[in-house]
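Structure first, commentary second.
The values are calculated or read from the model by the stated rules, or taken from the named source; none is laboratory data. It should be emphasised that the depicted structure is a prediction, and the values quoted were computed from it without experimental measurement. A quick note on method: Cβ atoms are made from the backbone with ideal geometry, for glycine too, and the neighbour counts reach across all protein chains shown. SASA here: full protein model, heavy atoms, side chains in, ligands and nucleic acids out. Shrake-Rupley method; radii C 1.70, N 1.55, O 1.52, S 1.80 Å.
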Amino acid sequence: MYPAEVFDLTIEDPSHDAMADADEVVLDLNELEGESLDVSMLGLPPLERYEVDELVGEGAMGRIFRARDHVLQREVALKVMRPDIPICERKRFRREAILGARLLHPGLVQIYDMGMSSEVDDEWFAMELLHGVDFQQVIDSVREQGRWIAWSTIKQGFRRVLAVMQYLHE
């Protein structure tokens, strides 16, 4: 997911509201699965500090949940590693959190906390929750309408990505 402002879309039709389309294409896994999400059935480790609200995404290594941090009183994204991940990949998950916590750039997600559940050997980390859209969905939506994203918008997006890459290599 990218913050909406990263891809401040300019559509070639000036009467078209791109951000309205972007809001419509945000993936809602609850709707896709056709049933409401019962977080007690997700096999999450017991986390006293966080109250899990909903599943917002899945990847090869884990699932990401929208959660509430009761200590700092803010919404977070909680990434929980899948239980079937091999040991060598578990190290990579930890490295992602530790290295990510050292980085501070407006184009990168901030890592707030990490831990391991002693009861079920689940690892997790809490990070900044971004409210935005999946760029591929924006591209697909614009393409379905027979429109194009303006070249100036594409260049602006690449500049922002390159600024992050430059930061990471300094």
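Computed values, structure above
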read-out: Single residue of Phe93, Phe135 found to be among the aromatic types (Phe, Trp, Tyr) and within 23 Å of Tyr50 (Cα to Cα); value: Phe93
read-out: Considering residues of the range 61-106 that are acidic (Asp, Glu) and under 29 Å from Ala163 (Cα atoms) only, the residue surrounded by the most Cβ atoms within 10 Å (Cβ to Cβ); value: Glu96
read-out: Qualifying residue in the range 149-170 (condition: open to solvent by 30 Å² or more (accessible area, probe 1.4 Å), hydrophobic (A, V, I, L, M, F, W, C), assigned to a helix (DSSP H, G or I) and touching a Leu at 6+ places or on another chain (Cβ under 9 Å)); value: yes
